[in-house]
Amino acid sequence: MKDQITDNKTNETIDNLTENVADDKEAIGTKASIADKIKASFKSRKFRGGAYATAVSAVVIIIILVLNIIVTELDLKVDISKEGTFTLTDVTKDYVKNIKDDITIYYLAQTGQEDKTTTEIIQKYPQLSGHIKVEYKDPVLYPSFAQKYYSDAITNNSVLVVNSSNDRAKYIPAGDMIVSEVDYNTYQSYQTGIDVEGQVTSALQYVTTEDLPVMYTVTGHGEAELGTTITTSLGKINVTSQSINTLTSESIPEDCSVLLINAPQKDYSPDEVTMIKEYLSKGGDALIYTDYNTSSLENFASLLDYYGVSQVTGLVVEGSRNHYMGQYMTYLVPDYSTHEITTDLKSDGTYVVAPLSSGLQTLDTARSTITTAPILVTSDEAYSKTDINSTNSSKEDGDIDGPFNLGIAVTETYNEAETKLVVYGSSALIDESMVSSSSLGNLDLFLNSVNYVTDKADTLAVRTVSTEQQYLNVTAAQANLWSVLMVIVLPVIVLGTGGFVVLRRRKK
Amino acid sequence: MLAIFKKELKSYFTSMTGYVFVAFFLVIVGIYYAVYNLMNMVANFEYVLSGISFIFVLLVPILTMRLMAEDKKQKTDQLLFTSPLSISKIISGKYFAVLSVFLIAMVIVCLYPLILLQFGSLSLKVAYGSILGFTLLGAAYISIGLFVSSLTESQLVAAVVSFVVILVTVLMDSLVSFLPTDNRTCYLVFFVAILLICWLLYSMMHNYVVALTIGVMGEAALAVTYFVKPALFDGLLTKVLGWFSVMARFDNFTTGILDLSSVVYYLSVVFIFLFLTVQVIKKHRWN
């Protein structure tokens, strides 16, 4: 053994010597080529030892890295969360499986600030269908990327669903994927749930649905124009908005899903009324807003008459203190009748304000195929002021006693075609000043009405996942007892055992 | 291996070290448990574990500093390395001994969620998933500590270096999101990283030809990738560091995802650092 070691040592010294000699030769200036130098560097002992270790380490590390990458790609995950937060529901699974278009879900989040839950859920979609892929786009690096599809400013952590087959896109702001509630004691909102799946799935539904409802707004008779809130909201519920001048049109376009008549100031011609009637009788739907000023438009009134609705002359004034807004007795706050349109407004407890409204009545003379249902009704103390220029707000002679309907839904099923018509007494219901107020239900009333007449099935019902904190029931005494046990008694027992063992060993 | 394992484990429990570790660990877990689950009555045991994940910064150095450094100082390592056992067996024996001390503490912690059951319902799946994640996290950190300990003779240096290394991994997560994400900066960082790797290779092999060849090839590949597809470099730095982040993997477990890749990742960390420790020891033996 010893001999061997000394042998090794002598070998080493000899090696070193020869190396030195080589170095000396170079120093002397004989023309040693670079190739020789390189060769020499591979022969040094230091290199041989180090190279072996380095190569082995490198290979092992690379193998481990590759193994990790493979396992990551396999994406084997088990959702053990209580709510099944990271598992898609069957509603989504069934819907996504049938998607034929190529869809890209862009997750617009700053790198490093991605929301874990959102990421996890979005990544589940491509696993369901080969047509869906997920891409990450950093909105800071690519600020103009989303503008191709969505013109407004985008928020971090939002999602953009793009259907490349038909170039339709839907943007989901980050806030929409969080369900929050406001604590009215502190006026702070806190998160109660997440709705990533619900939003993404309904966006998928939007970008893949074949025919989206188109709303035609009638123009040419001084109809009130729609405000920006209404138009953007229509976009959100996937309704395309168009306008039509009935005077110059031959017929109502075939793709029209809902015809909006917003308080005409001048009368329609009989031909136009015939055209609209024809459209409606074929199963067309309409949303009609009337104006108290114009109850005398004969042809327009005949259209309403045809569907069993008539406008009461004058302006409705509310006598009941609980049914008008502030000091304005003409800013009516009607009651909701039980109807599909008003269900959620009723349950949310939000109010609708109908300013400067005319009363509506259903006609007994209506055809038997027609069914009418009230939507908004005034109180019993309401009356219609026939002299609209009167300066006296209280009830006068000649005023018509209420109650009145302020909104009526009409349906007629004839020859298997269902016509749906919703008539409101005030066009101010959808005035920008009313719909832009988030405390009022006016916008929702409008959107619900559109959804009702267009028979738009609710977006796929995917439940939101509750993230609300769950609590235990621990009494103060129990808490104290267990705290002392855990923090003091248990560690002391462990230390005591240790002390005992160590002491006993020493005594031995 | 078993002999070394037994000897090491015994040494932990015939001295106070093992008991102090377990007791200290239980005190910290106990405090968080009392505050979260008992005082505030929150029905999530995983909050306790994610709250105390910093515990390793303090505990792992204490546990691992003496592992290799002590032997080296007392020169008992010579005895071990001349023994017929292979170095990898010695190292794994030592590692599993320390790991067992930690596991004993974790077994006690396993009872904690059960205690809460008497006060109401809580998700045991997430609770035990987090305990699994926490155990893997600890195992990975202990292996890092063991490696650091093998680099130095002084216990104090070993402790301080492990402390700093683990602290950096804990803080990295929150710092990573502030790193620049544009592809130019990322490219530059990786450019520098390759230079560093070359320097490392050179210092290990003392051969500039290999180091330079690998360096030039690496830089060329990087540059070509960058010019062909710069989008690939968007936020790459954040992504790479995030992928390596020891803590981020643990978050998966506490949010309720049992991810095989995280488990494999932790086991890989354990393996790589044990392997590197063996390499370091072998190098010492040659010298």
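The values are calculated or read from the model by the stated rules, or taken from the named source; none is laboratory data. Since this is a predicted model, take the numbers as computed values, not measurements. Here Cβ is always computed from backbone atoms with ideal geometry, including for glycine, and neighbour counts include all displayed protein chains. Areas reflect the complete protein model, heavy atoms only, side chains present, ligands, DNA and RNA absent. Shrake-Rupley method; radii C 1.70, N 1.55, O 1.52, S 1.80 Å.
Screening A:SER251, A:SER243 for residues that are in a loop (DSSP other than H, G, I, E, B) and open to solvent by 60 Å² or more (accessible area, probe 1.4 Å) leaves exactly one candidate, A:SER251.
Residues to consider are B:LEU67, B:LEU59; find the one that is open to solvent by less than 20 Å² (accessible area, probe 1.4 Å) and closer than 23 Å to A:VAL487 by Cα. Matching residue, one of B:LEU67, B:LEU59: B:LEU59.
Inspection of the stretch B:149-157 finds no residue satisfying the criterion of being within 28 Å of B:VAL280 (Cβ to Cβ), within 14 Å of another protein chain (Cβ to nearest Cβ), more than 15 Å from the chain's Cα centre (by Cα) and open to solvent by less than 50 Å² (accessible area, probe 1.4 Å). When the stretch A:316-357 is filtered for residues that are in a strand (DSSP E or B) and open to solvent by 20 Å² or more (accessible area, probe 1.4 Å), the ones remaining, listed by number, are A:TYR324, A:TYR331, A:ASP335, A:TYR336, A:TYR351. Can you pull out the residues in the stretch A:401-420 that are open to solvent by 60 Å² or more (accessible area, probe 1.4 Å) and assigned to a strand (DSSP E or B)? Passing the criteria: A:ASP401, A:THR413, A:TYR414, A:GLU418. Inspection of the stretch B:171-184 identifies at least one residue that is touching a Phe, Trp or Tyr at 6+ places or on another chain (Cβ under 9 Å), modelled with pLDDT under 85 and crowded, with 18+ Cβ neighbours inside 10 Å. Of all residues in the stretch A:200-219, those satisfying the criterion of being modelled with pLDDT of 85 or more and of a type outside the set (Val, Ile, Thr) are A:ALA203, A:LEU204, A:MET215, A:TYR216. Looking at the stretch A:71-102, which of the residues that are more than 9 Å from chain B (Cβ to nearest Cβ) and assigned to a helix (DSSP H, G or I) is farthest from A:ARG463 (Cα to Cα)? Within the stretch A:71-102, the match that is farthest from A:ARG463 (Cα to Cα) is A:LYS97. For the stretch A:382-392, a residue qualifies if it is farther than 18 Å from A:PRO334 by Cβ and in contact (Cβ under 8 Å) with a residue 12 or more places away in the chain, and the qualifying residues are A:THR386, A:ASP387, A:ILE388.
Among all positions in the stretch A:117-125, there is no residue which is acidic (Asp, Glu) and open to solvent by 60 Å² or more (accessible area, probe 1.4 Å). When B:LEU188 is tested against (1) out of contact with any helix residue (DSSP H, G or I) (no Cβ under 9 Å at 6 or more places or on another chain); (2) open to solvent by less than 80 Å² (accessible area, probe 1.4 Å), exactly one condition is not met: (2).
The residues on offer are B:GLY235, B:GLY242, B:GLY215, B:GLY256, and the sole one that is open to solvent by less than 40 Å² (accessible area, probe 1.4 Å), under 24 Å from A:ALA55 (Cβ atoms) and either away from every other protein chain (no Cβ under 11 Å) or touching a Gly at 6+ places or on another chain (Cβ under 9 Å) (or both) is B:GLY215. For B:LYS283, are the conditions met, namely being open to solvent by 20 Å² or more (accessible area, probe 1.4 Å) and under 24 Å from the mean Cα position of the chain (by Cα)? Here the answer is yes, as B:LYS283 does meet what is asked.
For the stretch B:259-287, the set of residues classified as at the interface with chain A (Cβ under 7 Å from one of its Cβ atoms), hydroxyl-bearing (Ser, Thr, Tyr) and within 12 Å of B:LEU136 (Cα to Cα) consists of B:TYR265, B:SER268, listed by residue number.
Of all the numbered requirements in (1) open to solvent by 30 Å² or more (accessible area, probe 1.4 Å); (2) in contact with a strand residue (DSSP E or B) (Cβ under 9 Å, 6 or more places away or on another chain); (3) within 22 Å of A:THR419 (Cβ to Cβ); (4) not in a helix (DSSP H, G or I), A:ALA286 misses one, and that requirement is (1). Kindly check whether there is at least one residue in the stretch B:38-45 that is facing chain A (nearest Cβ under 10 Å), assigned to a helix (DSSP H, G or I) and crowded, with 21+ Cβ neighbours inside 10 Å. Checked the stretch B:38-45: at least one residue is facing chain A (nearest Cβ under 10 Å), assigned to a helix (DSSP H, G or I) and crowded, with 21+ Cβ neighbours inside 10 Å.
Given the criteria buried (at least 16 other Cβ atoms within 10 Å of the Cβ) and closer than 26 Å to A:ALA146 by Cβ, does A:THR208 qualify?
So A:THR208 fits the description; yes.
Within the stretch B:93-118, if we keep just the residues that are of a type in the set (Gly, Ala, Ser) and crowded, with 20+ Cβ neighbours inside 10 Å, the residue that is nearest to the other protein chains (Cβ to nearest Cβ) turns out to be B:ALA105.
When the stretch A:464-508 is limited to residues that are closer than 30 Å to A:THR92 by Cβ and not in a loop (DSSP other than H, G, I, E, B), the one that is most open to solvent (accessible area, probe 1.4 Å) turns out to be A:SER466.
Every listed requirement among (1) within 14 Å of chain A (Cβ to nearest Cβ); (2) open to solvent by 30 Å² or more (accessible area, probe 1.4 Å); (3) modelled with pLDDT of 90 or more is met by B:ALA140 save one, (2).
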